[in-house]
Amino acid sequence: MLNLFKKETPITEVFPMDFVDIHSHLLPGIDDGSKSMENTIEMISTMDSYGIQNFITTPHVLGNVWKNSSDTILDKLDLVLEELEKRDMSYIKFDAAAEYMLDEEFCELLKSRDLLTLKEDSLLVEMSFLQAPVNLYEMLFDIQLAGYKPIMAHPERYMFYHQDFELYQKLKDAGCRFQLNLLSLTGHYGKSVQKAAERLLKEGMIDFAGSDTHNMNHLNTLKKIGTKKNLKLLAPILQNNLEFNR
């Protein structure tokens, strides 16, 4: 019997068919995400149970901390695809790109075009949570000059922008599209981030959404996403992710 008074929608009813999660850390042992192949399969299986069967996972490429290259990422991708086939999970569409920190090492990768994109020319980038790069707008210009379209990961988490929302508009004017972390709407990163996420959505500044899943704790928290308020804000954004179907 339909519960007309239910306050939350189950996680299994949140995502549209063919939704693509464009931000996660599911490749085993390559960054601060999955620790092992078993951990990877556990997370993919859990997200499958939520109704997500399409992934472009995005390991960190971050200076000397996570010195991943296109080759190391694609080698790990092949191992996961083999494991999915062994487990009769080939119906899962699983691919890889990367989440690039905007730093000096990235500038070198950009010059050599050694970059993995979400789709054709769409490039997922991030900044330090402490401050934006001094040459941020120069970097964004260079990205586009090289033929890529930057997608800024989790803009709501850059707390140094919370007191001046005009800076977000400046990023949009500079050619950035925005990818929201779904967990931000659950309060997982704190109230300030949650409020910023809601405001960015209300002002029509968010283009795409992603789970940014690193571990099972993230997936357990993601179950809280289905409030009426969140779903109203997210409805058009979740549909936008369908453009990344490969």
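Nothing in this text is a laboratory measurement; each read-out follows from the coordinates by a stated rule. Values in this document were obtained by computation on a predicted structure and should not be read as measured data. When we count neighbours, we look across all protein chains shown, and the Cβ atoms used for this are built from the backbone with ideal geometry, even at glycine.
Could you list, in sequence order, all residues of segment 93-115 that are under 16 Å from the mean Cα position of the chain (by Cα), within 30 Å of His162 (Cα to Cα) and of a type in the set (A, V, I, L, M, F, W, C)?
Matches in segment 93-115: Ala97, Ala98, Met101, Leu102.
Condition test on Tyr189, is it part of a loop (DSSP other than H, G, I, E, B) and among the hydroxyl-bearing types (Ser, Thr, Tyr)?
Considered against the rule, which asks whether it is part of a loop (DSSP other than H, G, I, E, B) and among the hydroxyl-bearing types (Ser, Thr, Tyr), Tyr189 comes out as yes.
Would you point out the residue of segment 215-246, among those that are among the hydrophobic types (A, V, I, L, M, F, W, C) and in contact with a Lys or Arg (Cβ under 9 Å, 6 or more places away or on another chain), that is nearest to Phe94 (Cα to Cα)?
Pass one, segment 215-246, residues among the hydrophobic types (A, V, I, L, M, F, W, C): 216, 219, 222, 225, 231, 233-235, 237-238, 242, 244.
Within this subset, residues satisfying the condition of being in contact with a Lys or Arg (Cβ under 9 Å, 6 or more places away or on another chain) are 233, 244.
Numbers: Leu233: 27, Phe244: 12 Å.
Selected residue: Phe244.
Specify which of the listed residues (Gln194, Gln163, Gln169) is free of Cβ contacts under 8 Å to residues at least 40 places away in the same chain, polar (S, T, N, Q) and in a loop (DSSP other than H, G, I, E, B).
Numbers: Gln194 fails: in a loop (DSSP other than H, G, I, E, B); Gln169 fails: in a loop (DSSP other than H, G, I, E, B).
Just a single option satisfies the conditions, and that option is Gln163.
Only one residue in Glu108, Glu104, Glu99, Glu42 is surrounded by 19 or more Cβ atoms within 10 Å (Cβ to Cβ) and of a type in the set (Asp, Glu). Which one? Walk me through it before giving the result.
On the way: Glu108 fails: surrounded by 19 or more Cβ atoms within 10 Å (Cβ to Cβ); Glu104 fails: surrounded by 19 or more Cβ atoms within 10 Å (Cβ to Cβ); Glu42 fails: surrounded by 19 or more Cβ atoms within 10 Å (Cβ to Cβ).
Just a single option satisfies the conditions, and that option is Glu99.
What strands (runs of 3 or more DSSP E) lie completely within segment 2-103 and have 2 or more residues being under 23 Å from Lys224 (Cβ atoms)? Spell out how you get there, then give the answer.
Details: elements: 54-57, 93-96, 99-101.
By residue number, 54-57.
Return the total of residues in segment 214-242 being polar (S, T, N, Q) and not in a helix (DSSP H, G or I).
Taking segment 214-242 first, the residues polar (S, T, N, Q) are 215, 217, 220-221, 227, 230, 239-241.
When the remaining residues are screened for being not in a helix (DSSP H, G or I), the result is 215, 227.
Selection size over segment 214-242: 2.
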